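See below for the structure under consideration.
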Amino acid sequence: MCKKYILIKLLWLIFALPVTAAIQLVDDAGHRVELAQPARRILALAPHITENLFSIGAGPRIVGTVSYSDYPPQAQSIQRIGDYQRLSLEQALALEPDLVIAWPPGNDPVQLERLRQFGIPVFESDPQSFAGIAAQLRLFGRLTGLERNAEAVASELEQRVSRLQSGYRDAAPVRVFYQLWHEPLMTVNASQLVDRMLRICGGANPFADRPEVAPQLSVEAVLAASPEVILSTTEEAPDDWIERWQRWPQLPAVRHRLFYQLEADWMHRATLRAVSGAEQLCLYLDDARRRLGRADNGDGK
């Protein structure tokens, strides 16, 4: 009788416990996302999401992704279900995901809502800074149960950024035009990760205060800004991008031939590799300072 009473008591205690999801998070869009267990079948709807999942060891859990999700190399074998703007919902559902990680600026909100209607948790994430990338990595760790891996990667990112910030805190400012695109001529404002990299390295973006995320400019606007350095990337600039600027020898960047090209993915993907982009950028601006005669006013080394 005593054993039976104990068993009944134990069962009562078990069933009396509150039923809660194992994982509860709020995403960047303010949605509450609940998972009963760490995600095992993930749709990653942007290249940087795919890359960040791989960086914490969750790459093998990605069952579907989108165009240009090409890093690391293993990501190239994952099934594509469209691009970041438009998905094949039929393909997405056929993969039976238990989590979708989306990128709000690019993914179609109507399609994301359709996925939610099918009962699939959708986590929206849009890091715009190094702190945001570190936070995203940690959140991905919680969603996948890989918290220790995620913490190690996020801490590495923070330490590298901290070293750059300390090394360039007193660097002499350099006016920089970041050429995001050539036709039409475009750059970035202060909301972009690129601008944060510039500020860390002592670069001054004359178009930081523009309201547009990617301001479209006239050549006259660039001439008025009188940049000392002109930057572009390996993907966005045509082969003759430097020669095109030679038509305006009054620009300090042209007079001193201070043109530098950066790795596009390092600059434009919110991943651990963005720190490599910032490190490369800082070295280029160091070189510019030396050539402008300002090396004694601040050096990141």
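Before moving on, here are some points about what is shown:
- Whole-Hz couplings from phi, Karplus 6.51/-1.76/1.60, listed for the range 252-267; x for Gly and Pro: x, 4, 6, 4, 9, 6, 9, 10, 9, 10, 10, 5, 4, 5, 5, 8
- Alpha-carbon centroid distance for the pair the range 111-126 / the range 45-109, whole angstrom: 13
- Phi angles across the range 88-93 convert, under the Karplus curve 6.51 cos²θ - 1.76 cosθ + 1.60 with θ = phi - 60°, into 3J(HN,Hα) values of 8, 4, 4, 5, 4, 5 Hz, Gly and Pro given as x.
- DSSP-defined antiparallel bridges as percent of all bridges, the chain, nearest 5: 30
- Calculated SAXS-style log₁₀ I(q)/I(0) at q = 0.11 Å⁻¹ - the chain, Debye, Cα scatterers: -0.74
- For the range 107-210, carbon and sulfur atoms together expose 51% of the accessible surface, with a 1.4 angstrom probe and every protein chain in place.
- Near C201, no amide H atom lies under 5 Å from its own; only residues 5 or more places off or on other chains count, and H is placed 1.01 Å from N.
- Solvent-accessible heavy-atom area per residue, rounded to whole Å², over the chain at 1.4 Å: 50
- Using alpha-carbon coordinates, inclination of helix 273-291 to the longest axis of the chain, degrees: 20
- Positive-end extreme of charge dipole, the chain - chosen from I101, S155, V176 (charges on Cβ): S155
The values are calculated or read from the model by the stated rules, or taken from the named source; none is laboratory data. None of these values were measured; they are calculated from a predicted model. Using ideal geometry, Cβ is built from the backbone for each residue, glycine included, and neighbour counts are taken over all protein chains shown. Surface areas here come from the heavy atoms of the whole protein model, side chains and all, with no ligands, DNA or RNA. Shrake-Rupley method; radii C 1.70, N 1.55, O 1.52, S 1.80 Å.
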